[in-house]
Amino acid sequence: MTYAPASRPFYDADSHIMELPTFLKAYADPALRDEIPEVSYSASIVTDEEVAVLVAQGGRHSAEHVAAQVALGDRLIESSKEIQALGAFDSADRSKALDMLGFKKQLLFATHSVAMPFSASSKLEARLRYGAARAHNRHMAEFCQADDRLMGVAVVPLDDPDLAMVELAFALESGLNAAWIPHRPCGERSPGHVDLDPFWARLAEAGMPFVLHVGGAPLQLARAWMNNGRPPTKDWLGGGENLRTKDIALLHEGPEQFLTMMVLDGVFERHPTLRGASVELGAGWVPELVRRLDWVVKHWSRNDANLQAWKRTPSEQITEQLAFTPFVFETVGDLIDQSNPDLYLFSTDYPHIEGGRNPIARFEAALGDRSEAVREKFYAENFLRIFPQARAHGTRAHGTRAPVGVA
C-alpha cells in the first residue's frame, strides 16, 4: 500500500531536499568554491552532530536506517522527517520514498542552500550570488535526473536582469521544471519593471512556471517590530532564527506585495500564458487579495492609464495564471468558498515537520462535504494547470535527463 490512496491521482506541490554541507561547494565553479559557504542548519532542528554522522558515513544513511524507513510502509510520512527521512539527500532513496508515498509528481525545493543566492544584501557581489545559484541548479538537476516524478526547482535571483536571463537559460537546458524567485524587490526594481519583461516573456514562451516559497525573503521582521521592552520570543522550533509569532502573522505580506506588483504592473496581462505558484506561504490571504485587486483596478483605472486597456480583471488573471498552497492547518474548504476552487494546491512539505503527520487526512477534513470535482482540482487538476507537462499516465513516470556537468 501507498500513503496516497490509489482512488485518485495526487500531485505534491511542495517537497524538499535536506542538503548536506557541501551541497553548493561541490557543484560550484572551481574559482568560486573557496567563497561559497557550507550549508548552515542554524534555523532548523537538524543538529551539527547528526550531520557529522552522515558525512562520516560517506554522505548516506546506513543500510539499517534505510531498511527501518522502508519498513514504515504507508506510515512513512508520519515518522520520516527532516535529514533522517528516506530520500532526504539521496536520490535513489527518494525514488523509494515516492514509491511508498504514491504521488504522481513531487515539486522539489532546496531547504538551506538558498541563503546566498537569495540574500537581500545589496553588498553581495553578483558573481557570488549567481555563482551560488548555478551551483544549486547543477546539483538539483543531477538529483532529479533519474526519476521523472521529481520536478526540480531552480533558483533564479532577479537582482541583475541580464544574469537572471543567463541562469534561466541554464535551468531550461538542465531540465528543471520551475524557477524559484525571491519575493522581494528585484534589486531596486519592481518585478514588473521593463528590464524584467524579457524574463517573464521567456518563462511564458518556455512553459516554465515561476514559484515563490518561504525562504525567498528574510524569515524575520525588522528588529524594531520585536522591540516591545519584554524578553525576546523564541521561534516555533524553540530557538531564535526561524519564524516567531509576529513573523508568521505577517508572513503573507511579502508574497502578497510581490504578486500585487506583478498584477498592477501588467505582467500577467502582457503574458497571459505565464504561470506561477506561491508555495508554503499560506493561502488565507488569497480571497481578500482577489477581491481587493478587482476593486482597486475598477476604481483607480479612472486615473491610471496603465490599467485602462486591460482585457481581464485581476481576479481573472489570478485564477487563470496562479495557484497557492494552504498550510495544513488552514481551512482550505472555507478559502474555496470565499474565492473559487481553481486557486489551491495540495502539498506535503515532505520531509519537513511543518507538513504534519497526515496531510491528506487534514486536508480531507478541511474539504468536508465539498464535491468530488472540488477535490480533483485541489489534489491534481490545479497543479496540472500550472504544470501541464506534469500530467502522468499510469502508476509511474520514469525517465532519464541528460547529466549536468560541473565546470
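Things worth noting here:
- Separation of the A26 and S371 label points, Cα + 7 Å toward Cβ, nm: 5.0
- A simple packing score, the average count of other Cβ atoms within 10 Å per residue, orders the peptides 337-343, 57-63 as 337-343, 57-63, with the highest score first.
- Per-selection Rg to Rh, region 1-67 - Cα, Kirkwood hydrodynamic radius: 1.11
- Burial order of peptide ranges 366-376, 352-362 (average beta-carbon count within 10 Å, highest first): 352-362, 366-376
- Local charge for E205 was computed over the other residues whose Cβ lies under 15 Å away, with Lys and Arg +1 and Asp and Glu -1, and equals +1.
- Magnitude of the charge dipole, the chain, Cβ model with Lys/Arg +1 and Asp/Glu -1, debye to 20: 420
- When you work out D = kT/(6 pi eta Rh) for the chain at 37 °C and 0.692 mPa s, using the Kirkwood radius from C-alpha pairs as Rh and the Stokes-Einstein form, the result is 150 µm²/s.
- A helix-only calculation puts the chain at -10000 deg cm²/dmol for mean residue ellipticity at 222 nm, using -39500 (n - 2.57) for each DSSP H run of at least four residues, averaged over all residues.
- If you take the alpha carbon atoms of region 79-169 and fit the smallest convex hull around them, that volume is 103 Å³ per residue.
- Label reach from R270 (point 7 Å along Cα→C-beta): in region 194-211, amide nitrogens under 13 Å belong to 194-204.
- Share antiparallel - DSSP beta bridges, the chain, percent rounded to 5: 5
- Stokes-Einstein D for region 240-350, Kirkwood Rh over Cα pairs, 20 °C, 1.002 mPa s (µm²/s): 144
- Counting charges near L293 (Lys, Arg +1; Asp, Glu -1) among other residues having Cβ under 11 Å from its Cβ returns a value of -1.
- Largest-first ordering by accessible area, 1.4 Å probe, given options H183, H139, H193: H193, H139, H183
- Rounded to the nearest 0.05, the FRET efficiency derived from the C-beta distance between I248 and A63 at R0 = 41 Å is 0.60.
- Net charge over other residues, Cβ less than 15 angstrom from the Cβ of P182 (K, R count +1; D, E count -1): -4
- Applying both filters, DSSP loop and at most 15 other Cβ atoms within 10 Å, to the GluC sites (Glu not before Pro) of region 115-199 gives E125, E188.
- Full extension of the chain segment joining E288 with S122 gains 56.5 nm, where the gain is 0.36 nm per residue of separation less the Cα-Cα distance.
- For A52 and E78, a Förster radius of 25 Å and the Cβ-Cβ distance give a FRET efficiency of 0.40, rounded to the nearest 0.05.
The values are calculated or read from the model by the stated rules, or taken from the named source; none is laboratory data. These numbers come from a predicted model, not from an experiment. Note that we place each Cβ from the backbone using ideal geometry, even for glycine, and neighbour counts take in every protein chain shown. The protein model used for the area step is the full one, side chains on, heavy atoms only, and it has no ligands, DNA or RNA in it. Shrake-Rupley method; radii C 1.70, N 1.55, O 1.52, S 1.80 Å.
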